[in-house]
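Step one of this worksheet: look at the structure below.
The values are calculated or read from the model by the stated rules, or taken from the named source; none is laboratory data. Note that the structure is a prediction, hence the values are computed from the model and not measured. Neighbour counts run over all protein chains shown; Cβ positions are idealised from the backbone, glycine included. The accessibility values were calculated without ligands, DNA or RNA, using every heavy atom of the protein model including side chains. Shrake-Rupley method; radii C 1.70, N 1.55, O 1.52, S 1.80 Å.
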Amino acid sequence: MSIIQQHTSASLSDAWRTINIDALDPDSSQNFDTTTLHPPLPEVSDADVRGLNGQVRQLLRGGDAEGALRGCLENPVYSGGEGVKDAHMQTVVEVLQSIKASEMTPMLQRIHGSEGGSELIDVLMKYLYKGMSGGAANGAGGPRTSARNLTPQPTGGFSQVGGRPGATNENTGAGMSVLLSWHEKVVDVAGMGSIARCMTDWRKV
Amino acid sequence: MAAPEVHHLFHHPIADHSFSADRKTLAVAKDSALELYGRVGSAFKLKDELKGHDKTITSVDIAANSGRIVTCSQDRNALVWEPSPTGYKPTLVLLRIARAATFVRWSPSETKFAVGSGDRVIAVCYFEEENDWWVSKHLKKPIRSTITTVNWHPNSVLLAAGSTDAHARVFSSFIKGVDARPEPSVWGERLPFNTVCGEFLNNSAGWVHSVAFSPSGNALAFAAHDSSITVVYPTGPEQPPQAVISVNTQLLPFMSMIWNGETEIIAAGYDCEAFRFQGDSSGWQLSGTLEAKGRPGLGDAREESALNMFRQMDLKGKVKDDTQLKTVHQNTISTVRIYEGNGESVSKFSNRRTSESALSSLVSDDQTISIHSGDSEHVPRIHAAVHTIHGICLEATKTYLCTHEANRRLRASSGSGSQHHDAPRTPSDSQPPFTYSYSYNASQSQTPSSQQSHPSDHNKSHRSDRSRDKDTTIPPATNSLLHNVSSICGMIWTGSQRDRLDVLNVERLAVDSMARLLAWAETVALGDYDEWAFAGEVLEAGHHLCAWLGVPDAVQAMETLEADLAGWGRQHDAI
């Protein structure tokens, strides 16, 4: 008893689904550069990242781990080449690895409680996920791309027992466990909202 | 916050719901049919099923005054259901969209409605008298993606829309001949159709799930998929807004929200419960959840036998059954609506939740609607009432103690032989306690004959006890209700000890009344409730306490307060 009977035959068959009407529509998102929807982000150059890396290392050497962490989270690389992004990722991982497990939670709580702190924690979450995706999870010493080279294993990269040759394997595992324990602490402090924002945010690190 | 009313309607996700203005009819979108439920007593019973759409209905709205229902569906159509004596008559609306319609709301004037769609347009529909037909005009620019939600400004011209392109926008939907020219506002002065009055984006730019104008229409809030809400306070046309405040929460994203006055927002979503935000143009913050207590029985872990514990470990690999959430809703809340309000403040709201079908077989109550009654002026008022009750009771106990003290002194000086009356009253003794010289003699004549006929030797022995400890038995009145009541209990007990050989059951009666007095006093003194049901108990306890003490001023004050609160309390308990 539908008053829109004329549509029924068409909508019952699936044929119309095979037509990509977006391709035909000049206004559709397919024919539209969606990045123009957001305000542009400043381009970060290789030199900037190296400069920042130097400053962060200096803070670390001075024993100011929190300052170092804040330093690299306040200047995330959203826009720049893959190399630049990976270099900054490397800096973040270095800082994370140098912080003791017992200091993680108090430090995160201090950062989260400060002005604009929730934004910094969100940035940290993005780096954790980037790290865990296999981009640069390996330790500070190893070559940057080794983890990526290791992943196409039959185990899909999840198993850490066997199947992988050499000492770099252990290195990856250690790096991963650092990220995982940080992830746990960050979720404790910043909640699920932090993960939701990490997945939602268009500013990728 | 009273406990929510929970109605379980069926085992299926609810996309949207709407109450009629009298709250007797509830329209619920269930698949491709619209179900109408009528309130029967305290429950909602299925009354009617409106079928007309071919695909899932995505949204429904009942116009408050005309009672017309508008629905929109994934079949790209909207239907207006006109109430008539023989049932609802559907009218098709020409939307001219190529994708699903996602959201529909009547304008406050009820002459228009707006339909959001996946076709990157909002169809603003109005009735054209000449053709006897609903027609639509499209708001198109600069929408880049699906419209997820719309919300009307109180002036029925401005329309806010949220979209998956992460923007919340404010448009003018002015239609000549339908709308009166709107008053100039912070959003603009001249507002031809499709004027973009505002376009907002928060930092992380998640999909916008919900937009809402504040009751005055001078602020706009939106909730996005980055678990945030953002409130925008515009300054004027073509100027940057005076404040854009984003609150990033630790929670999962919010799907729907409503304003409660200008300084409070209630939002709910993937966390399956509603949260409250408070603030103004200087800042906003999350102030807590609306579900103060967990549902009884769910929160507290039952004590288990060791055998049972190991059995659970063996069967399920864990001890606790954690398949149920502690919240009323067991799945995402998709819509929050104002249930009862006067434009300025919301006293009740309702929300709906969706559910995964996989879950439906496990969980017995699956689709619920909960109606929360709310609070902004409600809670302080209850607090004030409880406070007043406490004050009255405290004064009553003070009067009681002072009067007894005075009576005793009087008796001591007059040296009267009849000293029964300085004994604390037992429930059988109903005279007012403050009887000064004159009334004291009068009350003497009402003394029960049983007490008059005491053997004189008893009287003598007791008299000597009492004259010894007469200054110590009545402690001075203090500023603590519980202290005073415990002093009174002490007096009752002393009295009962004195009379135990003369009066049948006197000790039992004394213990009874002591227990009752203490229970009332505790209820009054410790009553710190924000729910009307409990405040009622405090009122009752206070009433009993004053009546027992028999202080006329206090009894009268309690009665006045009770009469004062009765009308108001009933009004809040009605639904």
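Some notes on this structure:
- Top-ranked residue of region B:250-289 - restricted to ones that are hydroxyl-bearing (S, T, Y) and farther than 24 Å from B:N218 by Cβ, ranked as surrounded by the fewest Cβ atoms within 10 Å (Cβ to Cβ): B:T289
- Failed item in (1) away from every other protein chain (no Cβ under 13 Å); (2) surrounded by fewer than 16 Cβ atoms within 10 Å (Cβ to Cβ), with A:V56 passing the rest: (2)
- Among the numbered conditions (1) within 21 Å of A:T34 (Cβ to Cβ); (2) over 35 Å from the mean Cα position of the chain (by Cα), the only one that B:V178 does not meet is (1).
- Of all the numbered requirements in (1) open to solvent by less than 10 Å² (accessible area, probe 1.4 Å); (2) free of Cβ contacts under 8 Å to residues at least 60 places away in the same chain, B:L220 misses one, and that requirement is (2).
- The residues listed here are B:D179, B:D165; of these, the one that is charged (D, E, K, R) and within 14 Å of another protein chain (Cβ to nearest Cβ) is B:D165.
- Of all residues in region A:180-202, those satisfying the criterion of being open to solvent by 30 Å² or more (accessible area, probe 1.4 Å), without any contact (Cβ under 8 Å) to a residue 12 or more places away in the chain and over 10 Å from B:H225 (Cα atoms) are A:E184, A:V187, A:M192.
- Selection from region B:223-233 of residues that are touching a Phe, Trp or Tyr at 6+ places or on another chain (Cβ under 7 Å) and open to solvent by less than 10 Å² (accessible area, probe 1.4 Å): B:A223, B:A224, B:I229, B:T230, B:V231, B:V232
- Flag if B:V70 is in a strand (DSSP E or B) and within 24 Å of B:P154 (Cα to Cα): yes
- Within region B:217-232, if we keep just the residues that are in a loop (DSSP other than H, G, I, E, B) and not polar (S, T, N, Q), the residue that is farthest from the other protein chains (Cβ to nearest Cβ) turns out to be B:G217.
- Residues in region A:115-132 that are free of Cβ contacts under 8 Å to residues at least 60 places away in the same chain and over 17 Å from A:S181 (Cβ atoms): A:E115, A:G116, A:G117, A:E119, A:L120.
- Condition check for B:K55: modelled with pLDDT under 95, farther than 29 Å from B:Y339 by Cβ and either in a strand (DSSP E or B) or within 12 Å of chain A (Cβ to nearest Cβ) (or both): no
- Strands (runs of 3 or more DSSP E) enclosed by region B:110-151 - at least 1 residues per element that are within 14 Å of chain A (Cβ to nearest Cβ) and open to solvent by less than 10 Å² (accessible area, probe 1.4 Å): B:112-117, B:133-139
- Residue match in region B:182-195 (condition: farther than 26 Å from B:K112 by Cβ and open to solvent by less than 10 Å² (accessible area, probe 1.4 Å)): no
- Top-ranked residue in region B:83-109 [being touching a residue at least 12 places away in the same chain (Cβ under 8 Å) and hydroxyl-bearing (S, T, Y); ranked as least open to solvent (accessible area, probe 1.4 Å)]: B:S107
- Selection of region B:62-80 for residues being open to solvent by less than 10 Å² (accessible area, probe 1.4 Å) and touching a Lys or Arg at 6+ places or on another chain (Cβ under 9 Å) yields B:V70, B:S73, B:V80.
- For B:F200, the criteria (1) within 14 Å of chain A (Cβ to nearest Cβ); (2) hydrophobic (A, V, I, L, M, F, W, C); (3) in a loop (DSSP other than H, G, I, E, B) hold in every case but one, which is (3).
- Restricting attention to region A:13-47, the residues being at the interface with chain B (Cβ under 10 Å from one of its Cβ atoms) and touching a residue at least 60 places away in the same chain (Cβ under 8 Å) number 1.
- Of the helices (runs of 4 or more DSSP H) lying entirely inside region B:468-550, those containing at least 2 residues that are open to solvent by 60 Å² or more (accessible area, probe 1.4 Å), under 22 Å from B:I382 (Cβ atoms) and modelled with pLDDT of 80 or more are B:532-549.
- With respect to the conditions (1) of a type in the set (V, I, T); (2) away from every other protein chain (no Cβ under 14 Å); (3) surrounded by fewer than 20 Cβ atoms within 10 Å (Cβ to Cβ), B:V244 lacks only one, and its number is (2).
- Single condition B:Q239 does not satisfy, out of (1) open to solvent by less than 10 Å² (accessible area, probe 1.4 Å); (2) part of a loop (DSSP other than H, G, I, E, B): (1)
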